[in-house]
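S.K.: My structure is below; once you've seen it, I'll send some questions.
The values are calculated or read from the model by the stated rules, or taken from the named source; none is laboratory data. Predicted model only: the values in this text are computed from it and were never measured. For neighbour counting, all protein chains shown are included, and Cβ atoms are generated from backbone atoms with ideal geometry for every residue, glycine included. The protein model used for the area step is the full one, side chains on, heavy atoms only, and it has no ligands, DNA or RNA in it. Shrake-Rupley method; radii C 1.70, N 1.55, O 1.52, S 1.80 Å.
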Amino acid sequence: MDGGDKNIWLIANWKSNKTIAEALDWVSKVGPKVPKRDDLKVVVCPTFSCLSEVKKAVQVGNFPIMVGSQDLSPFEVGAYTGEEAASLLKGLVLISILGHSERRQNFSESDEMVAKKVEQALQNGIIPLVCVQGPDTPVPDGCKLVAYEPVFAIGTGNPDIPENANNVAKVLKEKHGPPAGGLEVLYGGSVTSENIKNFINMPNLCGSLIGNASLDAEEFIKIVGECSKL
Ligand code: PEP
C-alpha cells in the first residue's frame, strides 16, 4: 500500500435516510462481508432513530463494524429539546461526525459550536470526526480524525482530484497533527466503488466518509472489497 502502514477508515454517513427495517437489512447484508482486520475500520452512522437497533444487530452478528452518530449536542444533559447529549450517546456510539457542511449550511452551525461538540465528545470518550471544508477550517484541540470534504464534491458526483485531496490532507497534518500519534485525514465527496482506490492510495489519506454510495448495501460492499485488496 502506498504511504506505508495506515488505517483505512470507511465511514458510512446515511444522513437522513433509512427506516429501521431498511437499516437492519443493510447490516444483515454488509456485516458478513466486512473482513476482520485491525487496520480496516468500518463505521456506520445511521439516524438517531435507528442507532440502538443498528447497534444491537451489529453486536448480535458479531460484525466488525463500529456504530457512530451524525451529530451530538454541544450541551450536557438538560433542557435542550431535540438534542442528543454525548453522555447519553456514549453507550451506543464510538464516533460522531461533527461539523458536516450540511449542518453548517442548513443549521447555521458555527466553528465555535463544532468546538463545543468536540469537547462534549472527548469528555465522553466518543471519537470526534470533524469535517473540514478546506485547509483553513479550524480543527478543535484534541481532534485526531478529520474528513476533508469540499462542498462542491458533496453529493454532486464531482469528486475532488485525489492529488489535491492528498495535498490538503498534508497541510492539515502539518497544521494540526499532534506531536504524538498524528492526525488521520479522510476524504469525503462523491466517493464510489469506482474511485475509492484513487483516494486511499494517496499517502496522506487514510479512508473516506461516504454519503450516497453508502446507502446501497451492494455498493458499500464493493467499496469495502476494493479496500480489502490493499
Ligand atoms: C458526506 O455527506 O459526507 C458525503 C461525502 O456525501 P457523498 O458521498 O454523497 O458526496
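S.K.: Quick test of your reading of the structure: Leu215 fulfils all but one of (1) more than 15 Å from the ligand (Cβ to nearest atom); (2) open to solvent by 10 Å² or more (accessible area, probe 1.4 Å). Name the failing condition by number.
M.R.: Tallying (1) more than 15 Å from the ligand (Cβ to nearest atom); (2) open to solvent by 10 Å² or more (accessible area, probe 1.4 Å), Leu215 fails exactly one: (1).
S.K.: Consider Pro74 carefully, then state whether it is touching a helix residue (DSSP H, G or I) at 6+ places or on another chain (Cβ under 6 Å) and closer than 28 Å to Thr156 by Cβ. Lay out the reasoning, then the answer.
M.R.: Numbers: touching a helix residue (DSSP H, G or I) at 6+ places or on another chain (Cβ under 6 Å): yes; closer than 28 Å to Thr156 by Cβ: no.
The answer is no for Pro74.
S.K.: Using the structure shown, decide if Gly177 is on the phi > 0 side of the Ramachandran plot, among the small types (Gly, Ala, Ser) and away from the ligand (no atom under 16 Å from the Cβ).
M.R.: no
S.K.: Name the residue, out of Val185, Val151, Val146, that is modelled with pLDDT of 95 or more, touching a helix residue (DSSP H, G or I) at 6+ places or on another chain (Cβ under 7 Å) and surrounded by fewer than 15 Cβ atoms within 10 Å (Cβ to Cβ).
M.R.: Step by step, each of Val185, Val151, Val146 is checked, and only Val151 is modelled with pLDDT of 95 or more, touching a helix residue (DSSP H, G or I) at 6+ places or on another chain (Cβ under 7 Å) and surrounded by fewer than 15 Cβ atoms within 10 Å (Cβ to Cβ).
S.K.: For segment 127-138, which residues satisfy the criterion of being surrounded by fewer than 24 Cβ atoms within 10 Å (Cβ to Cβ), more than 13 Å from the ligand (Cβ to nearest atom) and either closer than 19 Å to Val43 by Cβ or not small (Gly, Ala, Ser) (or both)?
M.R.: Passing the criteria: Ile127, Pro135, Asp136, Thr137, Pro138.
S.K.: Given Glu174, Glu218, which one is of a type in the set (Asp, Glu), without any contact (Cβ under 8 Å) to a residue 24 or more places away in the chain and assigned to a helix (DSSP H, G or I)?
M.R.: Residue meeting the stated conditions: Glu174.
S.K.: Starting from segment 22-42, take each residue that is more than 16 Å from Ile8 (Cα to Cα) and list its partners that are hydroxyl-bearing (Ser, Thr, Tyr) and open to solvent by less than 50 Å² (accessible area, probe 1.4 Å), counting only C-beta distances under 9 angstrom and pairs at least six apart or across chains.
M.R.: Cβ pairs passing all conditions: Ala23/Thr47; Trp26/Ser214.
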